[in-house]
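Taking it in order: structure first as structure tokens, then the write-up.
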Amino acid sequence: MAVTASGFIAKLVISVRIDFSLDPVKFSCLKRHVSASKPLVVRSVALSPPARTVESPPVGYRKNVGICLVSPCRKIFTASKIHVPDTWQMPQGGADEGEDLRNAAFRELREETGVTSAEFIAEIPNWLTYDFPRQVKDKLNRKWRTSYKGQAQKWFLFKFTGKEEEINLLGDGTAKPEFKVWSWMLPEQVVEHAVYFKRPVYEHVIKHFNPYFVDEENDSFNSCND
């Protein structure tokens, strides 16, 4: 597994990337090409119940937006939390009261990754919910001074249109950094590396957005070979 890092303190830029594609044993599937005739198949490492979908956030759930940021190579931006080792996730964050949800997704993406070069592609019409495990719930509610049971998320698909040098794990400087390392992953890897209580939501997100990854007749992304 190779790690590449760049840090420019004067410019407040930190970008640490893990390249899973260089691990020939565990991640040999990265060499598989994407095509319409052989669509991506998402395989979870554990059986999990379907994600709960609702038309509006239920009482007791924090309103949240999730961002599936896809590279021209059809891989998904995924990052590891600073204070939770080996926990990988897509960017996400709370939406303010009355805030347009798509704008909230762009804002969270910028705050957590520094990325501003992103094109909106699609969104999931319903909300997806997950419950916090008790220890996580207690910790977050103490931090937020709330009593949330879990989160209700609206998910958005964006295409990354910039250069990797734009990715900055310090974000835009308006919020406390969330991540320590990042990687481009295939959809099934995103699900595999997700924390268990978010996995049903991730499976639903990947399944919903999968047609945008494999539709070559009306291609939203440029394919490329790594």
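Bear in mind these aren't lab numbers, they're just calculated from the coordinates by the rules spelled out. The structure displayed is predicted, hence computed values, not measured ones.
Table for the structure above
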| quantity | calculated |
| --- | --- |
| Unsatisfied cross-links (Cα-Cα over 31 Å) in the set LYS75/LYS198; LYS139/LYS163; LYS139/LYS180 | LYS139/LYS163 |
| Stretchable slack from ASP86 to GLN135, in nm (0.36 nm times residue separation minus alpha-carbon distance) | 15.9 nm |
